[in-house]
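Participant: Before I ask anything, here is the structure I am working with.
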Amino acid sequence: LDWGHERLRRRVQDGIREVRFMLNGQLAKLRKELSEKRPSASEIDGRLEGLAESVNEIIRLVGVEGEALAEAGGAADWRRRRLSRLQTELVNRIVKLQNPQQCQSAKKLICNLNKGCGFGCQAHHVLYCMTLAYATGRTFVLDSVNWRYSRGGWTSVFEPLSKTCTERGSAGAKQWGSTGAEDAQLVEVPIIDAMAHKPPYLPQAIPADLYEELSGLHGNPFVWFAGVLLNYIMRPNAAFQRQLDDNAIRLGFAKPIVGVQVRRTDKIGSEAAFHDISEYMVWVEEFYKTYELRHGRPDKMRILLATDDANLLNEAARRYPAYTFLSDTSSSRSASVRDRYSDGGLRGVISDVLLLSKTDYLVCTFSSQVCRLAYELMQVGRDDSSDRFHSLDDVYYFGGQLPLEVTARFAHKARDSSELDLSPGDVIGLAGNHWDGYSLGQSRRLGRNGLFPAYKTELVVRKAEMRPGL
Ligand code: GDP
């Protein structure tokens, strides 16, 4: 028996009790003062600030005990080993599917890489195609001629998706979803947004045969599944890998390190809002406060800064001198709208994504596919890392996905007309999280939209039969 485990468990429970005492006790005191005398606004403000500080401190400490509890008795290694076994199993299936005995006659699924968008979006397009191939037992053939990022196509930076079967062959192809397509040898797939009928194995579904174990081991099984597939899809070729390794050494990549991705230029005003660097830094500071409680002061407080805003590094380093910023300036320069669709732009964004995926914690806007890609890849080869991020805007999603849903674990009575009533078991289509305790969504039972306390709900993990036919 591991007594350390018991001690930690008690500390977590004690900490939660202390939060309650602190919050209720101090608020009661403040309310009494408010009714008896008239404290000034700045007095009230000071009291509230003090209370927030104390409560945050207890929560941080409980978080640290909770982290230790999650690792006690070798549990973290145990999870990592089991996840790694699942990964091996999944990758073996993919390798088999991608290298059929008879390439000539194998059933294939063909996708064109040239979706008219950036690399993150295209990588997700490839992932979606790989998932369809896996679910329908077809060998996935990626057509990457005239790639907007590189004339050399996919293999200018990555290993091919198959050792033995990369050509589509000469037979005519059927369009996905057309009559006879299911039995056709070659099927061409449209982009996800253009799919008329969405099959149940689209994102964010995971293979039904992995569901039990994966949903036990991981806080967001689809993100893990996506990460494992992407890790297979995006294997840098030997020459590019050398370049990536050199780059990491040159930047001084080491742990601890927080990844910050700041997406600006063409995204602002069209698909996302502007966020000042200070909004990201709140979460970096929180990470390092927690880190210090657990491991002591780090040698350096590193931040890997990835961005398409070439001016940001100077500003960040000036405003936050306590931190060591690692940033590939040639990469952010080549990320400008004018230069990004080039070999340099391609290598820059991949390098940023891979480095971000190797950090201890990610701070970014999930409206950017660059950051979601990094978050997915971050899950590979580790213990459950589903909570190692903070997004300033969206929840994690996959463009074109099946409806994202949460289910109510506890009842809730709406406090006003902006809120939803919850009954245990209610399914709610999730529209977003305000990161203030409330999420926004549509109650399927009530047929209306509203806010609800996120802590009373949990994510619905979709599962679907996928038949790689092995
Ligand atoms: P999204 O528009 O942010 O959702 O992501 P996309 O990947 O679809 O398109 C943005 C493109 O801009 C990327 O693929 C890169 O070419 C470039 N870019 C955006 N952010 C970064 C970044 O942090 N680093 C680098 N190197 N390039 C970026």
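Participant: Given a cut-off of 20 Å, name the pairs among 32/456; 174/198; 198/463; 198/456; 255/289 whose C-alpha atoms lie farther apart than that in the structure shown.
Facilitator: 32/456; 198/456
Participant: Right, another one. Find how much the distance from residue 411 to residue 20 grows on full extension, using 0.36 nm per residue of separation minus their present alpha carbon separation; answer in nm with one decimal. It would help to have the intermediate numbers written out before the result.
Facilitator: Values: separation 391, 0.36 × 391 = 140.76 nm, distance 2.11 nm.
Full extension of this stretch gives 138.7 nm more.
Participant: Sort 262, 380, 95 by Cβ crowding within 10 Å, fewest neighbours at the top. Walk me through the intermediate numbers first.
Facilitator: Values: 262 25, 380 19, 95 12.
Lowest to highest Cβ neighbour count: 95, 380, 262.
Participant: In deg cm²/dmol, rounded to 500, what helix-only [θ] at 222 nm does the chain give when every DSSP H run of at least 4 residues adds -39500 (n - 2.57) and the total is split over its residues?
Facilitator: My calculation for the chain gives -14500 deg cm²/dmol from helical runs alone.
Participant: Which number comes out as Rg/Rh for region 279-328 once both Rg and the Kirkwood Rh are worked out on C-alpha atoms?
Facilitator: Using only Cα positions, Rg/Rh for region 279-328 is 0.99.
Participant: If you find the alpha carbon centre of region 159-195 and of region 291-355, how far apart are they in angstrom?
Facilitator: About 38 Å separates the Cα centre of region 159-195 from the one of region 291-355.
Participant: In Å, what Kirkwood hydrodynamic radius results for the chain from the alpha-carbon pair distances?
Facilitator: Taking the inverse mean of 1/r over all distinct Cα pairs, the chain comes out at 24.6 Å.
Participant: Let me ask something else. So how much slack lies between residue 44 and residue 102, counting 0.36 nm per residue of separation and subtracting their Cα-Cα distance, in nm?
Facilitator: Working it through step by step, the gained length comes to 13.3 nm.
Participant: Here is a follow-up. Grab the beta carbon distance between residue 382 and residue 249, set R0 = 30 Å, and tell me the FRET efficiency rounded to 0.05.
Facilitator: In this case the efficiency is close to 0.85.
Participant: Let me ask you something else. Give, to the nearest whole percent, the P(r) tail of region 1-81 beyond 19 angstrom, counting all Cα pairs.
Facilitator: More than 19 Å apart: 53 percent of the Cα pairs in region 1-81.
Participant: Using only alpha-carbon positions, what ratio does the radius of gyration of region 125-218 give when scaled by 2.2 N^0.38 Å?
Facilitator: 1.24
Participant: So what's the angle, to the nearest 10 degrees on a 0 to 90 scale, between helix 75-98 and the longest Cα principal axis of the chain?
Facilitator: 20
Participant: Roughly how far apart, in whole Å, are the Cα centres of region 408-435 and region 66-83?
Facilitator: A separation of 32 Å, based on Cα centres.
Participant: Cross-link candidates for residue 29: which lysines have Cα within less than 24 Å, leaving aside residues fewer than 8 places away along the same chain?
Facilitator: Hits, sequence-local ones excluded: 37.
Participant: I'd like to know which of 256, 236, 283 lies farthest towards the positive end of the charge dipole of region 235-285, counting +1 on Cβ of Lys and Arg and -1 on Cβ of Asp and Glu.
Facilitator: Going by the charge dipole, the pick is 236.
Participant: May I pose another question? Can you tell me the orientation of helix 3-36 relative to the chain, as the angle in degrees between its alpha-carbon axis and the longest Cα principal axis, to the nearest 10?
Facilitator: 50
Participant: Which whole number in µm²/s is D for region 295-427 by Stokes-Einstein, with the Kirkwood Rh taken over Cα pairs at 10 °C and 1.306 mPa s?
Facilitator: Values: Rh = 17.6 Å.
In µm²/s, the coefficient is 90.
Participant: While we're here: Nearest 10 degrees, 0 to 90: what angle lies between the long axis of helix 41-71 and the longest principal axis of the chain (Cα atoms)?
Facilitator: Taking Cα atoms only, the helix is inclined about 50 degrees.
Participant: With all distinct Cα pairs included, what does the Kirkwood hydrodynamic radius of region 92-144 come out to in Å, to one decimal, could you say?
Facilitator: Values: mean 1/r = 0.0869 Å⁻¹.
11.5 Å is the Kirkwood radius here.
A short reminder: the numbers here are calculations on the coordinates, not readings from a lab. It should be emphasised that the depicted structure is a prediction, and the values quoted were computed from it without experimental measurement. Here the Cβ is made from the backbone with ideal geometry for all residues, glycine too, and neighbour counts use every protein chain on show.
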